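What follows is calculated from the coordinates using simple rules that are stated; it is not laboratory data. Just so it is clear, the model here is predicted, and its values are computed rather than measured. No Cβ is skipped: glycine too gets one built from the backbone with ideal geometry, and neighbour counts run over all protein chains shown.
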């Protein structure tokens, strides 16, 4: 026997998800500005799949959230409670 599905709760959950905006995609110029890096570096790293990117046919796009997570994962140095130290602290 299959489990009961609460269709009302499911409908509310779907409606909530539909209402959430998806972050816009950035092109290489915007991603480079976001990362404060040269556009040529961003394009080269995307071609080599060394930075997160989305391929849409011949176009390459970037998500802010994925780039932020990628940058956070590359942080080095001391941490305070799992976070990098704030400016002014040693």
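Assorted remarks:
- Ranked 20, 55, criterion: other C-beta atoms within 10 Å, fewest first: 20, 55
- Projected area averaged over orientations for the stretch 22-73, convex hull of C-alpha atoms, nm²: 3.4 nm²
- Likely footprinting exposure, 65, 60, fewest C-beta neighbours within 10 Å first: 65, 60
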